[in-house]
1. Between rounded, prolate and oblate, where does the range 104-148 land on the alpha carbon gyration tensor, with a ≥ b ≥ c its root eigenvalues, rounded for a/c under 1.5, else prolate if a/b exceeds b/c?
2. Which entries of Lys27/Lys64; Lys68/Lys119; Lys30/Lys68 show an alpha-carbon separation above 20 angstrom in the structure shown?
3. Computed over the Cα atoms, what is the radius of gyration of the chain divided by 2.2 N^0.38 Å, N being its residue count?
4. Distance in nm between label sites at Ile106 and Lys119, each 7 Å beyond Cα in the beta-carbon direction?
5. For the residues Ser66, Ser21, what sequence is obtained by ranking on other C-beta atoms within 10 Å, fewest first?
6. Anyone know which of Glu120, Glu24, Glu16 comes out most mobile in the 10 Å Cα GNM of the chain?
7. With a 10 Å Cβ neighbour count serving as the proxy for reagent exposure, in which order, fewest first, do Val37, Val124 appear?
8. Using the number of other C-beta atoms within 10 angstrom as an exposure proxy, rank Glu142, Glu78 with the fewest first.
Amino acid sequence: MVTSYIGLGSNLGDREKNINSAIERLKHLKDTRVSGVSSIIETKPVGGPPQEKFLNAVVKIQTKLSPKQLLRELQDIELQLGRIRSVKNGPRTIDLDILFYGNKRIKEKDLIIPHPRIKERDFVLIPLGEIAPQIVKRLSNEDNKKDKYSKAVNKKSKAG
Ligand code: AMP
C-alpha cells in the first residue's frame, strides 16, 4: 500500500455536493482506503478566466493502484460527476489531482508527481497542512534552504 494525497476542487454547480460525492467515490475505489479527509475551504480562483470561488479539500488514501491506474480512476470520477473539459483552467464541477504518491517522482507528458505548483497554491497547502502537517513543514523547509542558498550565491557574486 502506498500513501497518496488527492487534491479536490469544485466551482460549478453544488460545489459541496460535488466534493462530497467525489470523496464517497474515492472511498469505493478498488484496492484503496481513505485514511484522512481535510475540511472543505473556500478559495479565490487562481489563473484562468474570471470565475466563481472554489471549494477545495485534500484526501489521504492508502492504495495498491499504480499512479497511472489511480489517475485513470480519478479521471473516471471527474467524468461521472459531469466534468466537461472546455476552457483551460475554466470553471469545473470537480477537479481531482494526485498531489503525492509515496515518495515517487514522475515526470511524464500526462502525469507529473508531486503535482507542480503545490507550494504556490494555498488552496492545496491549507487543507494539506491539516492532514499532513509534516509534508507542509518539509516543503517550507526546502524553500527556506533554497532561499538561504540563493542569498548566499547572490552575496558571493556581488562580492565578485
Ligand atoms: P486539469 O484540467 O487541471 O484537471 O488537468 C488535467 C490533466 O493534467 C490531465 O490530462 C492529466 O493527465 C494531467 N496531469 C498531470 N499531472 C497530474 C497529476 N499529478 N494529477 C492529475 N492530473 C495530472
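1. Verdict is oblate for the range 104-148.
2. Values: Lys27/Lys64 14 Å; Lys68/Lys119 23 Å; Lys30/Lys68 14 Å.
Over 20 Å Cα-Cα: Lys68/Lys119.
3. On the way: Rg = 17.3 Å, N = 160, 2.2 N^0.38 = 15.1 Å.
So the Cα radius of gyration is 1.14 times the expected 2.2 N^0.38 Å.
4. For the pair Ile106/Lys119, the computed spacing is 2.2 nm.
5. Values: Ser66 12, Ser21 17.
Arranged by neighbour count, lowest to highest, Ser66, Ser21 become Ser66, Ser21.
6. Glu120
7. Working: Val37 20, Val124 24.
The order, fewest Cβ neighbours first, is Val37, Val124.
8. On the way: Glu142 11, Glu78 19.
Least crowded to most crowded, the residues run Glu142, Glu78.
Since every read-out is calculated from the coordinates, none of them should be taken as a lab result. The shown structure was predicted, so the numbers you read here are calculated from the model rather than taken from an experiment. Because the Cβ atoms are built from the backbone with ideal geometry, glycine has one as well, and the counts that use them run over all protein chains shown.
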